Amino acid sequence: MEAGAVLLLLFALSGTSSTLSFYGDSISFVAPRKTKDETFTVTYYHRQNGRSDCQNQNQNQSLSCEAGVCTNIDKSAVLQTDEDGTGQDRWCQSEGRTTVTFPTNRTTFSLRGSGCCWVSNAEGRTNWTTHAELDLGTRSDTHAINRCPVTTTVSSLRVPQNCFTRVRLLAHDPDGDKVRCRFAADATVPANFDLDETECTLKSTGAVQTGVHVFELMLEDHSTKNIVLTYADGTSVIREPSNETVTPLCEVKLQFSMEVLPPIPNCEAGHVQPMFLSRTPSHGDVLHATVGQTFQLFAEAQAHHATIQDFQVSGPQNMTKEFKDGKSGKAEVTLSWTPQRSDLYRFVPVCFTAETKETQSEMRCVVVLVTQSSITQGKATVHCSTNKMTVVLEKASMPNIDENFLKLRDPSCSLTSNGTHIIGTISFSACGTKFEDKGDFIVFKNEINSFEMPYEVIIRRETVQIDFSCEFPKTISISSYYNLKKSDYIFTESSFGSFGYTFEIFRDSNFTNKVEASAYPVQVKLLEMVYMGIQASSQLPNVTLFVESCKATPDDNPDNAISYELIKNGCLEDETVKVHPSDQKSFNFEVQAFKFTGNYEQVYITCSVILCEPGSPFSRCAQGCLKDPSRRRRRGLRMQTDGHYITQGPLQLVGPAAPRAVADQKDVEKKSDTLAAVNNPPFSSDTRSSGGWRFKEVLTSNISTVVFASAFIVSLVLMAVIVRHYNRRRKVEDCNVLIESDSEN
């Protein structure tokens, strides 16, 4: 990016008005737009966290631009959005809104700020800086300028030292891009903290130090498909999907502090640490609000052995908070906000925690999308069973809706319809269905959304957003609901109807005795044979199952960079994989157990499976193993299904290698015992260890190695002599037989 294309907006904090207890900040953008006078206008919101009186600490902020670049700067008053309601002044948050205008001869927009001082912290950080930079090219897929990732945190995060496991951060991208979180280049990373860059989750790698720690992260978005960015001067560039080696479409800095408190006796959620109950929105949910109408968000939490005093909230200006005590350690909060015209099409981040004197709950964050009119919800009925849910939408309740432009969270899964209803049957472990522990309930949820085609410039269809879920109380056994075991997958496609797959682990090569759900994770030993089977079911009477690929990963993320191919392009890649004969709807195979190098004790297997119609010579099933994937032919109409991924596991590696490995070495160990007896008298204090140890002793002794090698060579010579003798003897006997038969004739 050219230096001349960068705008610098400097926050000049004067004298004692600087934030003396800076807890962190976040920046969120409304998508830039092009005005009639050929300029760009961009609005951004800056939230700052502190200890007390945030409004007065930030009210003297001033902005400055490069001379002649910004033609207009419209800055609203900085308002305090939340503060500690207990009177202890432990935390507060403020938000300010700024709109700037600049010429269109820019390809990027860059925003920077700095100030003093971080709250006293273990890393010794004092001055802070903030930064955001976005690309101003128009995207070929959305026909609009890229929208930046949305993020924020509550003002003050607190967690007992012995209870810290993770902090889930908000990383929502309005364009559906892949968001990567990383520590800022100039950040001081606190000891024993790690960041899952894909999930944007802060984790621990060991015991964390008590005290306040500060975190400085960068959130970056990368397109998931090829797009073209076109700039105002007519130039354009191509961005490849998820290419993290190129400059991101947008990067936004997120800063926050977390206080690690002394240990507490019990880390169980709901004991001292509050846990959220089922009426609370899930982390990462996208909620909808309408301009001029009051939006409400409800959250409920419970702590059986502590008192919830307040809810800490990070939200927009003018959001109100109503707190209520309840019985049995429960408390609830209702957040109310009325979006204004200036909030239209804004993605507003909202985070919240339940607060006690000693600690707080996990942080949950949602995104509120502000629209012009209400989103069409439609009349939906959900039927829940033990492994799937069926949603039925009444067409009459959704006028002006085109059913061909509806999709599930995973667009590879389809909906079916008849004259009156739209129907979807979704497995709890497929089609983007999410599982969540809501404290008192477990929930499986999915959604139906409308979508736009990439080439569409205008649309006349209503926007549809329908959330549906199945909830089960924790008092029932959830082993059959796939909290560990993932085996039932159900899909629908217009040409194939409903079809499904079952992925099982078996106890032996008969493939009849399945490993029961209660036995997951399945414990295996290294080198032990693992028997797995995939079974397809379909509404069509005759279909053929084809397993195109199977790969292993150390977790249930099939896109994990650490993976090992078992089957690829229909070809066996691992030498221990053996496929057993089965019918056309089954695929049974075995593989020798292994583990990934490093600190990994579990293995998941993910396979890509396809169903084909019978008698289709050009289907993927008919092509079989393709060493050269370029020879793969495009599928014809109704010839085969899309490829669907199914996952099984985990396999948990335990104990030493399987007995078969020991048996293979039995003869070698016997020979080593004999040699060891020569070098070590029967009652020597060095002896009486395992055969494997004695064998190592032989190998580490030069004399023993020579003896062993000589004996081995002599054995080979003797074997060759014996084989030759018997061959010659057999030839003589054969000749005698022939001679006798000739003489008789």
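Taking the criterion of being surrounded by 14 or more Cβ atoms within 10 Å (Cβ to Cβ), at pLDDT below 95 and under 23 Å from the mean Cα position of the chain (by Cα), the only residue of the stretch 204-220 that qualifies is 204. With the structure loaded, tell me whether residue 332 is touching a Lys or Arg at 6+ places or on another chain (Cβ under 8 Å) and either part of a strand (DSSP E or B) or among the aromatic types (Phe, Trp, Tyr) (or both) or whether it fails that test. The answer is yes for residue 332.
No other residue among 88, 80 is under 12 Å from residue 48 (Cα atoms) and either polar (S, T, N, Q) or in a loop (DSSP other than H, G, I, E, B) (or both) apart from 80.
Scanning the stretch 335-363 for residues that are under 30 Å from the mean Cα position of the chain (by Cα) and part of a strand (DSSP E or B) gives 335, 347, 348, 349, 350, 351, 352, 353, 354, 355, 360.
Taking the stretch 546-636 and the strands (runs of 3 or more DSSP E) fully enclosed by it, the elements with 2 or more residues that are among the aliphatic types (A, V, I, L, M) and in contact with a Phe, Trp or Tyr (Cβ under 7 Å, 6 or more places away or on another chain) are at 602-612. Selection over the stretch 277-324 of residues that are in contact with a Ser or Thr (Cβ under 6 Å, 6 or more places away or on another chain) and aromatic (Phe, Trp, Tyr) gives a count of 1.
Matching residues to (1) under 25 Å from residue 626 (Cα atoms); (2) at pLDDT 90 or above:
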position: 527; (1), (2): no, no
position: 555; (1), (2): no, no
position: 571; (1), (2): yes, yes
position: 577; (1), (2): yes, yes
position: 581; (1), (2): yes, yes
position: 593; (1), (2): no, yes
position: 597; (1), (2): no, no
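Here residue 297 passes the criteria (1) out of contact with any Lys or Arg (no Cβ under 8 Å at 6 or more places or on another chain); (2) among the hydrophobic types (A, V, I, L, M, F, W, C); (3) in a loop (DSSP other than H, G, I, E, B) except the one numbered (3). Between 573, 548, the distinction of being of a type outside the set (Val, Ile, Thr), in contact with a helix residue (DSSP H, G or I) (Cβ under 9 Å, 6 or more places away or on another chain) and closer than 22 Å to residue 531 by Cα belongs to 548 only.
For residue 217, the criteria (1) farther than 22 Å from residue 325 by Cα; (2) in contact (Cβ under 8 Å) with a residue 60 or more places away in the chain; (3) among the hydrophobic types (A, V, I, L, M, F, W, C) hold in every case but one, which is (2).
Taking the conditions (1) over 23 Å from the mean Cα position of the chain (by Cα); (2) under 30 Å from residue 123 (Cα atoms); (3) of a type outside the set (Ser, Thr, Tyr) in turn, residue 254 satisfies each one other than (1). Scanning the stretch 329-349 for residues that are within 22 Å of residue 48 (Cβ to Cβ) and touching a residue at least 60 places away in the same chain (Cβ under 8 Å) yields 342, 346, 347, 348, 349. Within the stretch 248-266, if we keep just the residues that are of a type in the set (S, T, N, Q) and in a strand (DSSP E or B), the residue that is farthest from residue 145 (Cα to Cα) turns out to be 257. Of everything in the stretch 101-118 that is among the hydrophobic types (A, V, I, L, M, F, W, C) and surrounded by fewer than 20 Cβ atoms within 10 Å (Cβ to Cβ), the residue that is modelled with the highest pLDDT is 117. Of all residues in the stretch 382-403, those that are modelled with pLDDT under 80 and either touching a Gly at 6+ places or on another chain (Cβ under 6 Å) or among the basic types (Lys, Arg) (or both) total 4. Taking the criterion of being surrounded by 14 or more Cβ atoms within 10 Å (Cβ to Cβ), among the acidic types (Asp, Glu) and under 23 Å from the mean Cα position of the chain (by Cα), the residues of the stretch 556-581 that qualify are 556, 565.
For beta carbons closer than 9 Å, sequence separation of 6+ or different chains, a first residue in the stretch 29-43 that is assigned by TED's automatic domain parsing to the domain that holds residue 111 and on the phi > 0 side of the Ramachandran plot and a second that is at pLDDT 85 or above and not charged (D, E, K, R), the qualifying pairs are 38/232. If I filter the stretch 364-383 for residues that are crowded, with 21+ Cβ neighbours inside 10 Å, on the phi < 0 side of the Ramachandran plot and not in a strand (DSSP E or B), do I get at least one hit? No. Just to be sure, is residue 610 β-branched (Val, Ile, Thr), buried (at least 17 other Cβ atoms within 10 Å of the Cβ) and under 28 Å from the mean Cα position of the chain (by Cα)? Spelling it out, residue 610 is indeed β-branched (Val, Ile, Thr), buried (at least 17 other Cβ atoms within 10 Å of the Cβ) and under 28 Å from the mean Cα position of the chain (by Cα).
The values are calculated or read from the model by the stated rules, or taken from the named source; none is laboratory data. Keep in mind that what you see is a predicted model, and the values were worked out from it rather than measured. Cβ coordinates were reconstructed from backbone atoms using ideal geometry, including for glycine residues, and neighbour counts include every protein chain displayed.
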